[in-house]
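So the structure is just underneath, and the comments pick up after that.
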Amino acid sequence: MLENGLARNRICFTFPRGFAGAVRRNRAKRLGREAYRALRHRLRQGYDLVLLVYPPDAGSADTAGLADRRGQLGYLFDRAGLTVPR
C-alpha cells in the first residue's frame with residue numbers, strides 16, 4: 001500500500017507466474033473486486049493497494065467463495081491499519 005494523494009483508493013490484483021489458467025485468474029480477480037466493494041466503506045481513503053493472489057494448495061479444491069475472499073481481505077486491511085474504527 002502506498003498513499004496516492006487522491007480522495008479514493010485504487011486497487012490492483014496480480015498473480016504469480018504459475019497461477020492456473022486464465023479462467024481461474026479472472027474468477028479470482030472478480031471475487032477480489034466484489035469483496036473489495038463490500039469492504040470499501042470501512043477503509044481509509046487515499047491509498048494505492050496491490051494484492052498478490054496466490055493459488056490454493058495443490059491438493060485442495062479451488063472453492064474459495066465471496067465470503068472467504070471478504071474475510072481474507074478484511075483481515076489484510078485490518079493488519080495494514082486501513083480499517084476505520086467504528
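A few points about this structure:
- Pair list, Cβ < 6 Å and 6+ apart or interchain, from the stretch 11-36 residues that are in a helix (DSSP H, G or I) to residues that are surrounded by 13 or more Cβ atoms within 10 Å (Cβ to Cβ) and aromatic (Phe, Trp, Tyr): Arg25/Phe15; Arg25/Phe19; Lys29/Phe13; Gly32/Phe13
- Restricted to the stretch 44-66, and to residues there that are surrounded by 11 or more Cβ atoms within 10 Å (Cβ to Cβ) and among the small types (Gly, Ala, Ser), the residue that is modelled with the lowest pLDDT is Ala64.
The values are calculated or read from the model by the stated rules, or taken from the named source; none is laboratory data. In this text, all values refer to a predicted model and were calculated from it rather than measured experimentally. Positions of Cβ are backbone-derived with ideal geometry, glycine not excepted, and every protein chain shown enters the neighbour counts.
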